[in-house]
């Protein structure tokens, strides 16, 4: 249907002109999805808090379980936070001139890949140290919460890669970039909360 | 008419009375509320805090989304018209 006004054949009344949606459909759908994801992670964080409070002798991590690499992961977290900032820069560059968003979008993806890769290295080291999903509730919560975040990060990176490909083909719209960016911002912003909950 | 104490209703009332008495005398044994009865203060606080957190989080998100949409509507200059507003 065109955006120009039309006339009802029976009533002679004009149809109001179709306007741009207040929020692009993709962004709205992503926001609703993010709302559900926030509740999912809230549930995990709450369950973790309850189990931690019930730990024998208030000892957390439990005796005999390896300690998490707090400092290394802090650096890793910094890479993720910087990727979020770089993606904001990509958005402003896209608004100014589309082709200018290529480098910051690529940098945001690279930083995200570095985060996921380093998390994988950390997991391998922890598994070698004996922390498995079955070794204790501590290990179970660690792999569940950090793993769930990792899956979301990989999904969001796939979205960014899709956006980058469309940007290369000059077919990327601002609504599409906003949609995939919203998911990446969620991945970036939920991580400090998880880090504070699981690692500290 | 049968007297109440000999009827099924009377026995039910009596059973309820006994059950209420047991509940009153031994509340810890039947407590289903983990927030209300726990020996550990930290555990109790964790239940209370997470209950508040999980209750307020969706309300906060919906309220935030509502305010954001309201702001966007205002910025665009097409505030929804009150249907009860009289015609000028």
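Evaluate the following for residue A:189: is it at pLDDT 95 or above and surrounded by 17 or more Cβ atoms within 10 Å (Cβ to Cβ)?
Numbers: at pLDDT 95 or above: yes; surrounded by 17 or more Cβ atoms within 10 Å (Cβ to Cβ): no.
It is false that residue A:189 is at pLDDT 95 or above and surrounded by 17 or more Cβ atoms within 10 Å (Cβ to Cβ).
With respect to residue A:119, determine if the residue is touching a helix residue (DSSP H, G or I) at 6+ places or on another chain (Cβ under 8 Å), in a loop (DSSP other than H, G, I, E, B) and surrounded by 13 or more Cβ atoms within 10 Å (Cβ to Cβ). So residue A:119 does not fit the description; no. Of the residues making up the stretch A:133-188, those that are assigned to a loop (DSSP other than H, G, I, E, B) and either within 24 Å of residue A:199 (Cα to Cα) or within 11 Å of the chain's Cα centre (by Cα) (or both) are A:133, A:134, A:135, A:136. Is it the case that the stretch A:52-67 has a residue that's under 16 Å from the mean Cα position of the chain (by Cα) and over 26 Å from residue A:127 (Cβ atoms)? No; the residues of the stretch A:52-67 include none that is under 16 Å from the mean Cα position of the chain (by Cα) and over 26 Å from residue A:127 (Cβ atoms). Go through the stretch B:37-69 and report how many residues are surrounded by 12 or more Cβ atoms within 10 Å (Cβ to Cβ) and either over 29 Å from the mean Cα position of the chain (by Cα) or at pLDDT below 75 (or both). Looking only at that region, the number is 2. Please go through the stretch A:42-71 and pick out each residue that is within 14 Å of chain B (Cβ to nearest Cβ), without any contact (Cβ under 8 Å) to a residue 60 or more places away in the chain and either in contact with a strand residue (DSSP E or B) (Cβ under 8 Å, 6 or more places away or on another chain) or not in a loop (DSSP other than H, G, I, E, B) (or both). Residues satisfying the conditions are A:42, A:43, A:46, A:50, A:52, A:53, A:56, A:57, A:58. Is it true that some residue in the stretch A:12-23 is modelled with pLDDT of 85 or more and either on the phi < 0 side of the Ramachandran plot or assigned to a helix (DSSP H, G or I) (or both)? Yes, the stretch A:12-23 has at least one match.
The values are calculated or read from the model by the stated rules, or taken from the named source; none is laboratory data. A quick note: this is a predicted structure, and the numbers were derived from the prediction, not measured. We place every Cβ from the backbone using ideal geometry, glycine too, and count neighbours over all the protein chains shown.
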